[in-house]
Amino acid sequence: MTDFSTIAAKFTPMIHHIIRSLSIYKNEDEYFQIGLIALWESYQNFNADLGQFHNYAYTVIKGRLMNELKVHHKYETNTKLYDTVSLEIEDTFSIHEEAFNIENIVSYAEGLTLNQQRWLLQTYLQNKTVTEIAEKYLVSPSAVKSWRKSALAKLRKKMIVNSK
């Protein structure tokens, strides 16, 4: 085979085509570099007995770019970015917001059964999961899910009546 610089020059349009086909418009240079690295790895690992290099390189590059898109998407959805101004505002009002939220949640608990109130308060004030609530009250998780379902139905009705 020839040296990698000629391969890279020859396959650059293909990398750009894959980037466009995946609708990548942010950080195109970063994805192009990932495509070049995938091309290099496919160049190193290619076995001529198994097929054509063009097809192998296309598959490796597209797969690598799709994996990278998945990683970036997961990072963006799971990471909340803050700027310093919003952090300062959040710190200043956090005590008042917490008191407001507790009063708000307790007001919603009116009209619910004891078990529904338990689910509401444990979930929203103490951030407990269904399993943790079930363990605390010695019931099955499906029982807690039933409390949740009926509580949410009552709360929705209450919200609709209050909005009219």
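Of the set (1) open to solvent by less than 80 Å² (accessible area, probe 1.4 Å); (2) assigned to a helix (DSSP H, G or I), all apply to M66 but (1). Could you check how many residues of region 1-26 are loosely packed, with under 13 Cβ neighbours inside 10 Å and in a loop (DSSP other than H, G, I, E, B)? Residues meeting the conditions: 6.
Of all residues in region 11-24, none satisfies being modelled with pLDDT under 90 and over 18 Å from G63 (Cβ atoms). When region 38-60 is filtered for residues that are open to solvent by less than 90 Å² (accessible area, probe 1.4 Å) and either β-branched (V, I, T) or in a loop (DSSP other than H, G, I, E, B) (or both), the ones remaining, listed by number, are F46, N47, G51, V60.
Restricting region 127-164 to residues that are hydroxyl-bearing (S, T, Y) and closer than 22 Å to S107 by Cα leaves a set whose member that is surrounded by the fewest Cβ atoms within 10 Å (Cβ to Cβ) is S163.
The values are calculated or read from the model by the stated rules, or taken from the named source; none is laboratory data. Fair warning: this is a prediction, and the values are worked out from it, not measured in the lab. Glycine gets a Cβ as well: all are built from the backbone with ideal geometry, and neighbour counts include every protein chain shown. Side chains included, ligands, DNA and RNA excluded: accessible areas come from the protein's heavy atoms. Shrake-Rupley method; radii C 1.70, N 1.55, O 1.52, S 1.80 Å.
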